[in-house]
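Since every read-out is calculated from the coordinates, none of them should be taken as a lab result. Just so it is clear, the structure is predicted and the values come from calculations on it, not from any experiment. Note that each Cβ is placed from the backbone with ideal geometry, even for glycine, and that neighbours are counted across all protein chains shown.
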Amino acid sequence: MQIHPLITDSKTLSDFCARIAKSPYIAVDTEFMRENSYWPELCLVQVADPHEAAAIDPKAPGLDMTPLLDLMVNNEDVLKVFHAGGQDIEIVHNLTGKTPHPMFDTQIAAMALGLGEQIGYGNLVDAWMGVVLDKGARFTDWARRPLDKRQIDYAIGDVTYLIQIFPKMLEELRKTGRGDWLDQEMERISDPSHYENDPQQAWQRVRIASKKPDVLGRLKALAAWREIEAQDKNLPRGRIVKDETLADIASHPPRNQEELGKVRGLSATWRTNDIGARLMNALAKHQPLGRDEMPDREPRRPGLGKDGALVADLLKLLLKIRSRDINVAARLIARTDDIDALAAGVREGLSILEGWRYEQFGRDAVDLVEGRMAFAVRNGRLKMTRTE
């Protein structure tokens, strides 16, 4: 494989993208910094096809990233392969408003091949290539320039091995007939709605005990205000106001800006500064949360109760057995909320009652709940047995 020098000019990038656009698949990874910012700062992009690989410096003066971004989001003929690509996809979405498509995530594929629920890239390379990666450059400052050779070599390794591992994984998935199992998961992680930061929905991420419409209305207004402040200042949300402080203000609103100086988690300067004034303005404009937005007082699905919780525990034991028997990560087969709902009597709208999940787990799970299956120990091994 040809490894190119760091790409820092538009012509070289355009030519590189034109060549790899002819490949059926490419491997993609990014290096970024976000510890001190709201928006992740893209510092490096690594891309490879089966024949060549390059790192691209998005911070290079005058570099036009359009050819690369077009390849990511507008070329449906090239499959984009990531490993644990959630944050990489988020960065592309921030830059384009779209997500890479079609795409394949090797961490999710590893779940279908029995390699654990969240296998790291280093362990993936070790398992498939027998290579132990040097992780010495992992926590370096990727925003600092110039990048040294060790950093670039480390970064390039994230795609040169990935482009070799992907066809091996794909072949194994075909052999086991599990390729179709991943389609739903790949579409889910490429859904643009997962990467949108709507200020009006930010309140749903903040924990608060109260379910009163007026309190939640204040929380919605405050969370939207904080989201906008964080975006405008490009600071992490917690640097503006921490979640617990936001919830406290929503539950016990100050009568005036002067009282902000008494709020735990805010400095005394909020009594007189502009940001304190904007917070009070957001509070003044709040409306009680509408009925259509109110969280349900009762769970959407039937409550478990003590006996139901025991049934759910049995279903989780069954899940462990099935996961072991078919060598697939339990997390890929079933979610906890679906198991709890099945234990509570729900029989519709559950992913474990559809498609391959039903065949591999859901059918036996229903039979267990309804008394047609039981646990048994045979030759020291826990198994399921039919009661009929």
Using Cα positions and a limit of under 13 Å, work out the aspartates and glutamates in reach of residue 262, with same-chain residues fewer than 8 apart set aside.
-> 248
The range 305-386 shape via C-alpha gyration tensor axes, a/c threshold 1.5 = oblate
When the chain is fully extended, how far beyond the present Cα-Cα distance does residue 242 get from residue 293, taking 0.36 nm per residue of separation?
-> 16.0 nm
Enumerate the lysines that residue 59 could reach by cross-link, defined here as Cα to Cα under 29 Å, with residues fewer than 8 away along the same chain left out.
-> 11, 22, 80, 98, 135, 149, 233
Contour excess over end-to-end distance, with Cα ends at residue 251 and residue 212 and 0.36 nm allotted per residue | 13.1 nm
Ordering of 147-155, 85-93 by packing [mean C-beta count within 10 Å, highest first] | 85-93, 147-155
Compute the Cα gyration tensor for the range 199-284, then decide on rounded, prolate or oblate, letting a ≥ b ≥ c be the square roots of its eigenvalues: rounded whenever a/c is under 1.5, prolate when a/b is larger than b/c in the other cases, and oblate in all that remain.
-> oblate
Take every DSSP beta bridge with both residues inside the chain and express the antiparallel ones as a percent of the total, to the nearest 5.
-> 65
How long is the gain from residue 175 to residue 346 if the chain were fully straight, where each residue apart is worth 0.36 nm and the alpha carbon distance is subtracted?
-> 58.1 nm
Packing-based ranking, highest mean first, of 120-128, 209-217, 373-381 given that Cβ atoms within 10 Å are counted = 120-128, 209-217, 373-381
Between residue 64 and residue 95, what FRET efficiency follows from the Cβ-Cβ distance if R0 is 22 Å, with the result rounded to 0.05?
-> 0.95
FRET E, pair residue 285, residue 379, Förster distance 45 Å, beta-carbon r, rounded to 0.05 | 0.05
Using a Förster distance of 25 Å, how high is the FRET efficiency between residue 8 and residue 233, based on the Cβ-Cβ distance and rounded to 0.05?
-> 0.25
What is the Cα centroid distance between the range 1-31 and the range 185-242, reported in whole angstrom?
-> 36
Pull up the cross-link candidates among the lysines for residue 285, meaning alpha carbon to alpha carbon under 16 Å and not fewer than 8 places away within one chain.
-> 220
Just going by the charge dipole of the range 34-116, with Lys and Arg at +1 and Asp and Glu at -1 on Cβ, which of 40, 96, 75 is farthest out on the positive end?
-> 40
Can you tell which of 351, 245, 166 lies farthest toward the positive end of the dipole of the chain, using +1 and -1 charges on the Cβ of basic and acidic side chains (Lys, Arg; Asp, Glu)?
-> 245
With the chain treated as a Gaussian network of Cα nodes joined by springs under 10 Å, which of 160, 176, 99 yields the largest mean-square fluctuation?
-> 176
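Indicate the gyration tensor shape class of the chain (rounded, prolate or oblate), computed on the Cα atoms with a ≥ b ≥ c the square roots of the eigenvalues: a/c under 1.5 is rounded; otherwise a/b larger than b/c is prolate and the rest oblate.
Oblate shape, in that a/c is at least 1.5 and b/c is the bigger or equal ratio.
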How far apart, in nm, are the 7 Å Cα→Cβ label points at residue 336 and residue 275?
-> 3.4
Normalised by the number of residues in the chain, what is the relative contact order in percent for Cα pairs under 8 Å and 6+ residues apart?
-> 13
Report, in deg cm²/dmol and to the nearest 500, the calculated mean residue ellipticity at 222 nm for the chain, where each DSSP H run with n ≥ 4 adds -39500 (n - 2.57) and the sum is divided by the residue count.
-> -13000 deg cm²/dmol
Sorted from fewest to most neighbouring beta carbons within 10 Å, what does the list 259, 35 look like?
-> 35, 259
